[in-house]
1. Can you pull out the residues in region 350-395 that are touching a Ser or Thr at 6+ places or on another chain (Cβ under 8 Å), open to solvent by less than 70 Å² (accessible area, probe 1.4 Å) and part of a helix (DSSP H, G or I)?
2. When region 275-310 is examined, which residues are found to be open to solvent by 10 Å² or more (accessible area, probe 1.4 Å), at pLDDT 85 or above, assigned to a loop (DSSP other than H, G, I, E, B) and of a type in the set (A, V, I, L, M, F, W, C)?
3. Collect the residues in region 198-207 that are in contact with a helix residue (DSSP H, G or I) (Cβ under 9 Å, 6 or more places away or on another chain), of a type outside the set (D, E, K, R) and at pLDDT 65 or above, keeping them in residue-number order.
4. Kindly list the number of the only condition in (1) open to solvent by less than 60 Å² (accessible area, probe 1.4 Å); (2) within 23 Å of THR162 (Cα to Cα); (3) modelled with pLDDT of 85 or more that fails for LEU90.
5. Of all residues in region 605-617 being modelled with pLDDT of 90 or more and open to solvent by less than 50 Å² (accessible area, probe 1.4 Å), which is farthest from PHE656 (Cα to Cα)?
6. Among the residues of region 458-471, are any surrounded by 14 or more Cβ atoms within 10 Å (Cβ to Cβ), more than 30 Å from ASN332 (Cβ to Cβ) and at pLDDT 80 or above?
7. Which residues, counting only those in region 427-448, are within 22 Å of TRP247 (Cβ to Cβ) and open to solvent by 20 Å² or more (accessible area, probe 1.4 Å)?
8. I'd like to verify a number: residues in region 540-566 that are in contact (Cβ under 8 Å) with a residue 12 or more places away in the chain and under 26 Å from the mean Cα position of the chain (by Cα), how many?
Amino acid sequence: MSKAWLVNRQAVIAMIATYVVSLALIFEQAQWWVIIFGGLCVSWRFAMLYGKATLMKHQWRLGLSVLVIILLAITAKQMGLMIAMVNLLLLGYGLKFLELNKERDALVLPLVGLLSVSIMFIFDSNIYNASLALGLVLLNFMVLVGVCAPSLALTAQFKLTTKIVALSLPLTVVLFVVMPQLGPLWKMPSAKVATTGLADSMSPGDIARLGQDDSLAFSVTFNEGVPPREQLYWRALVMEHFDGRRWQQSDAAKEWKKRLSPKHDWRLSHPDELSDGIAYQVMAKKSNQSWLFGLALPTSGDGSVIETLDFNLLSDKALAAPKAYEVVSYPNLMSRLPLSTIDRQTNLQYPSNANLQIKAWVDGLRAKYSDQALIDYVLRYFNENPYRYTLTPPPLGANSVDQFMFSTKQGFCSHYASAFSLIMRYAGIPSRIVAGYLGGEWNDEVGYLNVYQYDAHAWSEVWLADKGWVRVDPTASVSPDRVEQGLAQSLGEGQDFLSDSMISLAKYQQIAWLNALRIKLANVEYYWSRWLLGYDKELQSQLLSKVLGQLTQVKLIVFTLTCFALIGLWLFYAGGFRLKPLTPKQKIDQQYLKVTEAFAKKGLARQAHFTPNCFQQLIIEQFPQFSDEIIDITMRYNRIRFVRNRPITHRDIAAFKSVCQRLLNKI
């Protein structure tokens with residue numbers, strides 16, 4: 001390899017571009033000072049291209065390396081081990097530009113670039129990032145080609161790069177499809193990364209912020225028809241403790257649940273009603289949180305899914321990647337579940353020194369109404385008074401429910417659910433808040449339901465003696481369109497759907513061609529998540545069973561080896577290898593070459609400029625014992641190879657081969 005790459009600005013600029021794009025894709029995990037340091041390193045390298053800077057001395061490079069490693073060690077505890085390792089890679093990537101002076105350095109840089117591409121998938125593996133990653137892979141390979149073959153034109157480098165990547169795709173597909181879907185062989189270090197979606201506590205306005213987020217929360221496919229929209233209340237977590245402003249899961253309940261089996265046996269009490277369940281599959285997106293999603297009273301046979309005692313689903317570990325799981329829900333059985341003493345106490349708890357105005361109001365109503373009548377009255381009160389559903393409610397103070405009910409009267413679903421649940425507790429009716437999602441967007445073409453972050457919702461559950469746990473959504477009394485149609489249709493005048501996301505396609509659903517494009521992109525994302533990110537042992541078995549029938553170990557081995565053999569033959573063919581019979585002249589040359597190789601082993605190598613006669617003379621001089629044989633061979637070779645218009649017959653080839661073999665045996 002020459003050092004032409006040292007003056008090949010095109011290759012160095014491509015290296016810098018690759019680094020910048022890689023840094024941009026994992027920008028959220030990079031520390032601010034790492035980004036600045038990397039920018040300075042590539043700026044120095046860029047200045048060197050135009051003679052504005054010289055190669056930094058070894059002592060300076062060593063000093064910088066030690067300095068940034070010390071700084072990283074100091075800040076590593078704050079960011080977590082995983083993020084620290086990512087930043088260490090980025091620092092090494094940047095420092096390498098200062099050392100770019102040898103052929104080895106030019107080869108290492110794109111290899112580090114490929115490693116940074118793989119790092120990106122730890123944090124996000126959606127189809128859009130995968131497309132960018134493919135572009136980066138091509139760019140890194142193109143840099144390698146440019147370093148190894150700097151004389152090639154840019155278009156030729158691009159063609160060779162795409163050919164290399166294309167040749168690897170069949171083997172990649174076969175390995176993905178047939179190789180065992182094993183779990184991780186080691187545990188990745190934890191990363192202190194931001195969670196997405198619902199939080200484990202809720203104060204007024206929290207869920208409203210999700211109303212500006214158009215990212216996908218999860219997708220659902222139903223075994224049979226889609227349930228009516230009014231049943232599509234996707235549970236995520238139950239909040240039972242209220243401190244006067246914020247709702248959260250009860251600490252006592254958490255500890256109590258830890259001491260009991262996460263699986264409960266309510267099914268045993270109602271075996272005759274288990275045939276009316278709603279079966280579906282969920283593909284939950286990465287959230288770095290452990291709660292999963294299901295309709296009322298969800299059950300799952302997945303070993304990694306835990307059924308909690310408050311009738312929700314949990315993953316046995318935080319969702320650091322998309323997760324597919326199957327669920328069967330029994331919404332009709334919610335009314336058949338008993339209320340334990342500890343649950344009753346927990347769901348009647350309220351702070352004694354906050355929101356006293358609403359308490360006095362409830363005390364005045366309680367004597368007039370039964371439980372159900374009070375529920376109906378409060379819902380009617382919301383509907384008949386000037387309450388407003390809005391994504392931008394005014395801020396509330398310590399007595400948040402008092403202020404909301406009697407002053408601001410503006411709020412999102414969390415405001416109404418919080419106020420309603422506290423009213424029920426003041427009235428002595430056990431109540432709690434359920435946070436999750438409402439509705440979703442049904443895709444009739446493919447047959448799946450997409451639920452987005454802006455579908456986040458909170459509602460109340462009350463326990464009535466003759467009905468069990470009953471869902472009550474006070475938001476429906478204020479904004480029926482929110483329940484019946486969705487968030488975009490429920491916002492009133494002066495409120496803009498996804499106002500913080502100007503480039504979101506979901507914002508422009510009223511434009512037909514943009515909405516069609518959005519749906520097509522959603523379909524691509526769905527297939528990507530279901531068949532690639534969600535490809536597990538079960539899907540692998542289903543796919544291979546369609547191809548091979550009943551799966552056996554022998555069938556799998558034969559199928560895999562056959563695929564490898566076909567790919568190998570294809571690679572030979574693509575590489576220019578052809579199985580062609582030798583021509584008569586090639587057969588003669590092959591025999592003569594054996595003779596020359598035999599004399600080369602004895603110390604007499606035939607030089608490229610030697611004619612057969614010259615080589616014959618040298619052999620006679622150094623090995624007179626082979627004179628007769630070499631004279632005969634040379635005469636036949638000259639006559640067969642160089643006499644024009646004389647066809648070479650099989651007899652000629654056989655005779656020449658016999659003469660050569662006699663000499664080889666004698667040697």
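The values are calculated or read from the model by the stated rules, or taken from the named source; none is laboratory data. Computed from a predicted model, the values in this text were never measured in an experiment. So basically every Cβ, Gly included, is an ideal-geometry build from the backbone, and we count neighbours across all protein chains shown. Heads up: the accessible areas ignore ligands, DNA and RNA and are worked out on the full protein's heavy atoms, side chains in. Shrake-Rupley method; radii C 1.70, N 1.55, O 1.52, S 1.80 Å.
1. LEU379, PHE382, listed by residue number.
2. PHE293, ALA296
3. Matches in region 198-207: LEU198, ALA199, MET202, SER203, ILE207.
4. Failed condition: (2).
5. PHE615
6. No - not one qualifying residue is present in region 458-471.
7. GLY428
8. Filtering region 540-566 for residues in contact (Cβ under 8 Å) with a residue 12 or more places away in the chain gives 540, 543-544, 547, 556, 559-560, 563-564.
Applying the additional criterion that residues be under 26 Å from the mean Cα position of the chain (by Cα) yields 540, 543-544.
Summing the residues that are in contact (Cβ under 8 Å) with a residue 12 or more places away in the chain and under 26 Å from the mean Cα position of the chain (by Cα) in region 540-566 gives 3.
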